[in-house]
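The values are calculated or read from the model by the stated rules, or taken from the named source; none is laboratory data. Only a predicted model underlies this, so the values are computations on that prediction, with no experimental measurement involved. Ideal geometry is used to build each Cβ from the backbone, glycine not excepted, and the neighbour counts take in all protein chains shown. Ligands, DNA and RNA are stripped out before the accessible areas are found, and what is left, the full protein with its side chains, is counted by its heavy atoms. Shrake-Rupley method; radii C 1.70, N 1.55, O 1.52, S 1.80 Å.
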Amino acid sequence: MATIKINDLVKKFPVGKGHFTALNGINLNFDKGEFAGLVGPSGSGKTTLLNIIGSLDTPTTGSTIVLDKSISELSNKQAAKLRNKHIGFIFQTYNLLPVYTVFENVEFSLLLQKISAFERKKAVMMALEWVGLTDKAKSKPNMLSGGESQRVAIARSMVKKPEIVLADEPTANLDSKNSHHILQTMKKLNEELNVTFLFATHDEKVMQYLNRIVSLEDGKVVSDEIKT
Amino acid sequence: MIKFIFKGILRDKSRSLLPVIVISIGVFLTVFMSGWMKGVFTDMIDMSAKFQTGHVKIMTRSYAENQNQLPNDLALLNVEEILTGLNSDYPDMEWVKRINFGGLLDVPDENGETRAQGPAAGRAVDLLSPNSTEADRMNITNSIVKGSLPGKQGEALISNDFAERFGVKPGDDITIFGSTMYGSMMFKTFKVSGTISFGSSFLDRGAIIIDISDAQLALDMEDASSEILGYFKEGTYDDMRADSVKTSFNSMYSIADDEFSPKMFKLREQNGLDDLLTRGENMSGIMVFIFVLAMSIVLWNTGLLGGLRRYSEYGVRLALGENKGHIYKTIIYEAILIGLIGSIVGTIFGLGACYYLQENGIDFSSLMKNVNMMMPPVYRAVVSPELFYIGFFPGLIAMTLGNALAGYAIYKRKTAQLFKELEV
Ligand SMILES: Nc1ncnc2c1ncn2[C@@H]1O[C@H](COP(=O)(O)OP(=O)(O)OP(=O)(O)O)[C@@H](O)[C@H]1O
Ligand SMILES: [Mg+2]
């Protein structure tokens, strides 16, 4: 049973009087526990596809089934709930909330769920331990390095133990040492917790770690290689 | 979640400081101006009631029409009978007779020749009966500059300005020239018992105050008076009650086509006070409205700017699984919290300022030297219960409304669109 099933997905954006086709007939399945990546030139539709899988956007035609839920049929609230419980996001620019401490940033998605303070604390500290940042719990984001910030973002996406983590260019702002560090962290979480990771990237370093590479060009899948 | 929002407000000063300051100032001004205006109007009503209009006032119909000429030939007759009736019909009010008269004040020298002369504005009130409250009511005792209250008939208080200008001292004689109720010449000499200054040029100019019995004698007004004033025993004016007393009195005693029959007027319908007070009340309303409008616009703008600045925060929160309705709700909660803080601060400062000015009025008498209206010399604010909410709720509403409006732009956007804007 695939975690993500995409059938004949087409995404068009209105541009002026007409529209621009960003995704043009995508058919893809991802299974639980995959460590896969979307690669391709800029504008090929990687982010668009991740956003649809992440229920932040909807298909124009075709279907996208994530964890047995059809993205196009979800209400706003249902989509939010799906993201809150089952999908983690990691961004190129970390996007930590500057006003809150590392602990509070990681805690946020648990605040949206009905989880006791005690349970929240336990989960947050465990997530910080996964990324090796327990000693920075009380720091503010502006006191962290780029690598540390991205590790906090990983902890934030992992704290709810999601089925899927979507990472859009997670290494683009990091140097090579930090890139390898966070990739190792994610690979470890992928193996230990059997979480599905889906990347969008141009980064060769990321590709080294992937066990499946899907290439997009002009909104179409041009190759789909599984590495062994 | 409230705690989370609260932390955000406290830590992100740029999010809270400006709105809190704007609301505090707006609420402060609203509370302060309301308390101040209320105080000014209360003082004006009070002064007018005490010196001129009473809470209600009885005159003859024709006296009322020519009031400013002090036409004592049209004065009320059978005053004692009317007073007896009033005291039994309206026992919760106090009734006093007064005579107002004009004339010339003449200061003689040792030889009895005129040394100085000036127009006199005479007031005759009950100063000598043992239970009289008039001296207190008109604050006469406290306004005496030199000498003392008249202790017996034939004594008078005169304006301190006049006394100083012409070198009149307590103990000196002065003569009043005028005309009696029946139009014949009258002159009477009084001994000055003291000099007086009310601090209001309207009241002080040429003032001479004598006991009512002296005036009745001198002006041939036995059992007559210019007017009878009625006061609620609680001391504050109540327009509804005044209205019902007036209606009942007039239906019993006032004869429509008899120009000498008594007629009662309530405070509000005398001296154009109705106009003034209505305008005052409207002004307070308009002022609050303008403050709220101005605050709302400023807060709407800060809300918009704050919203823009925090687009990426909203984007992340969407991605973390908050739905946009919930985000909109938190924006409003935040506005309510900030509105509460600002409104509380503004109300406290506003009440504080009003309280200070209630205890320590501002003396405007020097500014009102030439004002020809009866105005109290010292103005005070009044701390009234309505001050607790008059600024508070508008402040809260302005903030909430401003942000609800600003946040609605976010709420209306598609999730995907909102999220896109965070990426670049
Ligand atoms: N809301 C939108 N309206 C119009 N066009 C859009 C919109 N979103 C994306 N596009 C277009 O769709 C195409 C695919 O965009 P997308 O962001 O998915 O590319 P990408 O593969 O992630 O590129 P990059 O590697 O630069 O991040 C681009 O040409 C982009 O201009
Ligand atoms: Mg992209």
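What number comes out for the charge environment of B:Leu276, summing +1 per Lys or Arg and -1 per Asp or Glu over other residues with Cβ under 15 Å away?
Within the 15 Å Cβ shell, the charges total -3.
How big is the dipole moment of the range A:91-145 about its Cα centre under a simple scheme where the beta carbon of each Lys and Arg is +1, that of each Asp and Glu is -1, and everything else is neutral? Debye, nearest 20, please.
In debye, rounded to 20, the range A:91-145 gives about 100.
Normalised by the empirical 2.2 N^0.38 Å for globular proteins, what value does the Cα Rg of chain A take?
Taking N as the residue count of chain A, the ratio is 1.00.
Run the numbers on the range B:56-236 and let me know its relative contact order in percent, using alpha-carbon pairs under 8 Å that are six or more apart.
Reported as a whole number, the value is 32 percent.
At a Förster distance of 51 Å, what's the computed FRET efficiency of B:Lys13 paired with B:Ala256, Cβ-Cβ distance as r, to 0.05?
Rounded to the nearest 0.05, the efficiency is 0.10.
What residue among B:Ala409, B:Gly280, B:Pro19 has its Cα farthest toward the positive end of the dipole of the protein assembly as shown, where the charges are +1 on Lys, Arg and -1 on Asp, Glu, each on the Cβ?
B:Ala409
For the range B:44-189, just list the percent of Cα-Cα distances falling in each 5 Å bin from zero outward, please.
2, 7, 15, 19, 20, 18, 11, 6, 2, 1, 0
Taking both sides together, what accessible area is buried at the A/B interface, probe 1.4 Å, expressed in Å² and rounded to the nearest 100?
Its buried surface, counting both partners, is about 2400 Å².
Compute the angle between helix B:13-48 and the longest alpha-carbon principal axis of chain B, please, reported from 0 to 90 degrees and rounded to the nearest 10.
That works out to roughly 10 degrees.
What average count of beta carbons from other chains do you get within 10 Å of the Cβ of residues in B:9-15?
2
Just the accessible area per residue of the protein assembly as shown, please: how many Å² with a 1.4 Å probe?
Solvent-accessible surface per residue comes out at 45 Å².
What's the magnitude of the charge dipole for the range A:1-91 around its Cα centre, counting Lys and Arg as +1 and Asp and Glu as -1 at the beta-carbon? Answer in Debye, nearest 20.
About 280 debye.
Using alpha carbons only, how many degrees (0 to 90, rounded to 10) separate the axis of helix B:273-309 from the longest principal axis of chain B?
Approximately 20 degrees, to the nearest 10.
For the range B:56-107, what is the per residue volume of the convex hull drawn over the alpha-carbon atoms, in cubic angstrom?
With only Cα atoms used, the range B:56-107 gives 109 Å³ per residue.
How much mean residue ellipticity at 222 nm does chain B get from its helices, if each DSSP H run of length 4 or more adds -39500 (n - 2.57) and you divide by all residues, to the nearest 500 deg cm²/dmol?
For chain B, the value works out to -16500 deg cm²/dmol.
What is the local net charge at B:Phe190, summed over the other residues whose Cβ is closer than 12 Å to its Cβ (Lys, Arg +1; Asp, Glu -1)?
-3
Excluding B:Ile21 itself, calculate the net charge of residues whose Cβ lies under 13 Å from the Cβ of B:Ile21, where each Lys or Arg counts +1 and each Asp or Glu counts -1.
+2
Averaging sequence separations of C-alpha pairs under 8 Å and six or more residues apart, then dividing by the length of chain A, give the relative contact order as a whole percent.
29
Arrange the peptides B:209-216, B:108-115 so that the one whose residues have, on average, the most other Cβ atoms within 10 Å appears first.
B:209-216, B:108-115
Sort B:57-65, A:160-168 by the packing proxy (mean of other Cβ within 10 Å over each peptide's residues), most packed first.
A:160-168, B:57-65
Which Cα, out of A:Ile53, A:Gln78, A:Ala2, lies furthest along the positive dipole direction of chain A (beta carbon charges, K/R +1, D/E -1)?
Working it through, the farthest residue towards the positive pole turns out to be A:Gln78.
Would you mind giving the mean number of other chain beta-carbons within 10 Å of the Cβ of each residue in A:50-58, as a whole number?
4
Rounded to the nearest 20 debye, what is the charge dipole size of the protein assembly as shown about its Cα centre when +1 sits on each Lys and Arg Cβ and -1 on each Asp and Glu Cβ?
Result for the protein assembly as shown is approximately 5060 debye, rounded to the nearest 20.
Over chain B, what is the mean sequence separation of C-alpha contacts under 8 Å (at least six apart), divided by residue count, expressed as relative contact order in percent?
Relative CO of chain B lands at 27 percent.
Less than 17 Å apart at the alpha-carbon level, and either on another chain or at least 8 residues along: which lysines does that give for B:Lys412?
Cross-link targets: A:Lys77, B:Lys324, B:Lys329, B:Lys420.
Assign one of three labels to the protein assembly as shown, namely rounded, prolate or oblate, based on the Cα gyration tensor with a ≥ b ≥ c the square roots of its eigenvalues; rounded applies when a/c is under 1.5, prolate when it is not and a/b is larger than b/c, and oblate otherwise.
prolate
Can you classify the range B:258-413 as rounded, prolate or oblate using the Cα gyration tensor, where a ≥ b ≥ c are the square roots of its eigenvalues, rounded means a/c under 1.5, and otherwise it's prolate if a/b beats b/c and oblate if not?
Prolate is the answer for the range B:258-413, as a/c is 1.5 or above and a/b outweighs b/c.
To the nearest whole number, what is the average tally of beta carbon atoms from other chains within 10 Å of the beta carbons of peptide B:321-328?
Neighbouring Cβ atoms belonging to other protein chains average 6 per residue here.
Among B:Gly303, B:Gly118, B:Val40, whose Cα sits farthest toward the positive end of the charge dipole of chain B (+1 at Cβ of Lys/Arg, -1 at Cβ of Asp/Glu, about the Cα centre)?
It is B:Gly303.
Going down the list A:Lys160/A:Lys227; A:Lys32/B:Lys414; A:Lys121/B:Lys7; A:Lys12/B:Lys414; B:Lys97/B:Lys233, which pairs span over 19 Å between their C-alpha atoms?
A:Lys160/A:Lys227; A:Lys32/B:Lys414
How large is the helix-only mean residue ellipticity at 222 nm for chain A, computed as the sum of -39500 (n - 2.57) over DSSP H runs with n ≥ 4, divided by its residue count, in deg cm²/dmol to the nearest 500?
Here the helix-only value at 222 nm equals -10500 deg cm²/dmol.
In the protein assembly as shown, what percentage of the DSSP-assigned beta bridges are antiparallel, given to the nearest 5?
70
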